[in-house]
Structures are given as structure tokens and as C-alpha cells.
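Here's the structure we're looking at; comments come further down.
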Amino acid sequence: VSWAGCAELFRQSLNFSLHSILLILYVQTNTILLNFMKGEEATGFYIAGFRFVSALGMVAMSVTGALYPAISRLDPRNQAEELRAAHLRCTRYLLLLGSLFSLTLFLCAPALVRIIYGQAFAAAVPGLRIMAFSVFFSYFNSALSTLLFSLNREREVLRRLGACVAFVLAINLIFLPSLGYLGASLTTLLPEFLSFALLCAAAERY
């Protein structure tokens, strides 16, 4: 083990580390601010619904995590068509899964909440239905982020994720005081729209 090797490893992994930190802020800001502004009961109703969304999000991370090593070995200059085909194939599968999961969460929200948490958490159902469609867009965004990482555009992803974190903070300060945990559900969905638009623009450019 050498200091030079450690420094090089740190340099190469820095963008991925920053991405992980920003992703945690992106996901957890709602919970932190909601607990601070509205207390534990409202936070509990929000988290009850969000756990379904975050659990399903692991499916997209698993798919793109498996795909990334394969497409990152492709040369964008000489193997552009292969790279594009792999991305589109992955995206089709993710969108199919995302659509299925979003519709299932929306339609089955009352039954899911009742079975997992009991009737005492019935108030979590509207929030879960709002957040259900964030699954669809998060799957699309996972595919786009993986594509940009494979093109060595990590800083593009970081800039867009940083903008989304700032957006999450701003809309939470607007929605949470008046809407409580339903506002937190909205601020889970709306940033996925913004991320989708920003990542699409970046992917289209490259």
C-alpha cells in the first residue's frame, strides 16, 4: 500500500463519494425538516409511505449497478451505438418496472398500509399515493445518471443533483408549514420531475 496509490484512489472516487452525500441530502431533507417543523406523528405518517418508495428504489439501483461496469467499458467514440442500445434496453426494462410499481402503489395503497402498519396509519395512504409516481421517474433518472457516469460526465450529474438538493430544500420550506406530511410527499415527487428534465437535457447533449 502506497500513499500515492491511496491518493489516486481517493481522487478517482471523489465524484462518486460526493454523489452519495448529495443523494442522502436529496432523500433525507424531507424527513429532517418535517420532524423539526411538524413533529414525530407527521413524520411517522410520511415515513410509513416513503418506506415503500425507497424499498422499490433499490430495484433500479440494483439494475443500473449491474449495468454500469459493462457500459463503462464501452468507448463512446467508437462504440456509440452499442452504448446507446444498452442504455435504451435498460431504460425500457426500468420504465416497465417503474410503471408497474407506481400503479400498484397507487391502487393498492390502502391495503398495503393496512396490512403492514394497521388501521392506525390510514392517514399515510394519501401521501403514499402522491409519492407512488416518484418511483416511475426515479427509475428513469437512475438510467440517465448511469449513462452519464459511463460517459465520464460525473460532474454533470453532480451539478444537477446539487440543483435538485437546493430545490428540495426550498420547496420543503414552502410546503411543509401548511401541508405537513402531505407537503413532504409532494416534495418527494416534484424533485424527480426536475431531475428528469435536467438529466434528459444533459444526456441529449452528449
In region 48-58, how many residues are open to solvent by 50 Å² or more (accessible area, probe 1.4 Å) and of a type outside the set (Gly, Ala, Ser)? 2
Per the filter on region 17-47, residues open to solvent by 50 Å² or more (accessible area, probe 1.4 Å) and closer than 22 Å to Arg155 by Cβ are Ser17, Leu18, Ser20, Ile21, Leu23, Ile24, Leu25
Please state which one of Ser62, Ser99 is open to solvent by 60 Å² or more (accessible area, probe 1.4 Å), assigned to a helix (DSSP H, G or I) and of a type in the set (S, T, N, Q). Ser62
Return yes or no: is Ser178 on the phi < 0 side of the Ramachandran plot, within 15 Å of the chain's Cα centre (by Cα) and in a helix (DSSP H, G or I)? no
Are there any pairs with C-beta distances below 6 angstrom linking a residue in region 141-170 that is part of a helix (DSSP H, G or I) to a residue that is open to solvent by less than 20 Å² (accessible area, probe 1.4 Å) and charged (D, E, K, R), with the two at least 6 apart or on different chains, and if so which? Leu148/Glu156
For the structure I just gave you, tell me whether Leu194 is at pLDDT 90 or above, touching a Cys at 6+ places or on another chain (Cβ under 8 Å) and either more than 23 Å from Ala60 (Cα to Cα) or open to solvent by 40 Å² or more (accessible area, probe 1.4 Å) (or both). yes
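The values are calculated or read from the model by the stated rules, or taken from the named source; none is laboratory data. A quick note: this is a predicted structure, and the numbers were derived from the prediction, not measured. With ideal geometry, Cβ positions are generated from the backbone for all residues, glycine too; neighbour counts draw on all protein chains shown. Surface areas here come from the heavy atoms of the whole protein model, side chains and all, with no ligands, DNA or RNA. Shrake-Rupley method; radii C 1.70, N 1.55, O 1.52, S 1.80 Å.
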